[in-house]
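Data block below; observations after.
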Amino acid sequence: MITMLKDIVHKKISITCAVCKHVVAHKIANLLLVVDEDMTTHEVRLRATCPKCLTVGDNSYTVE
C-alpha cells in the first residue's frame, strides 16, 4: 500500500536493507522536516540509503 506521508504523520517507517538486512526506523514527523509532505512511502523507500552498506533503494518497508 502506497501512502502519502502527510496522511500518517504520527507513525514511523521501518526500512530493511535487502543486501545486509540492516533496519532503520524513522518517525514520519521527522522525515517531513526534510522531504515534501506529498512524498509517498514508496518514494521514501526508493531514496533510502542503508547507512551500513550504502545500498540505495534495494529494501523493503513497514509503516507502524
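The values are calculated or read from the model by the stated rules, or taken from the named source; none is laboratory data. Quick caveat, the model's predicted, so the values are computed rather than measured. As a convention, Cβ positions derive from the backbone with ideal geometry for all residues, glycine included, and neighbour counts pool all protein chains shown.
Computed values, structure above
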item	result
Residue within the stretch 48-63 that is touching a helix residue (DSSP H, G or I) at 6+ places or on another chain (Cβ under 8 Å), among the acidic types (D, E) and in a loop (DSSP other than H, G, I, E, B) present	no
Residues of the stretch 3-52 that turn out to be polar (S, T, N, Q) and exposed (fewer than 13 other Cβ atoms within 10 Å of the Cβ), as a count	1
Checking I15 against (1) part of a loop (DSSP other than H, G, I, E, B); (2) at pLDDT 95 or above; (3) of a type in the set (A, V, I, L, M, F, W, C), the condition it does not meet	(1)
Those residues of the stretch 18-31 which are not charged (D, E, K, R) and not in a loop (DSSP other than H, G, I, E, B), in sequence order	V23, V24, A25, H26, I28, A29, N30, L31
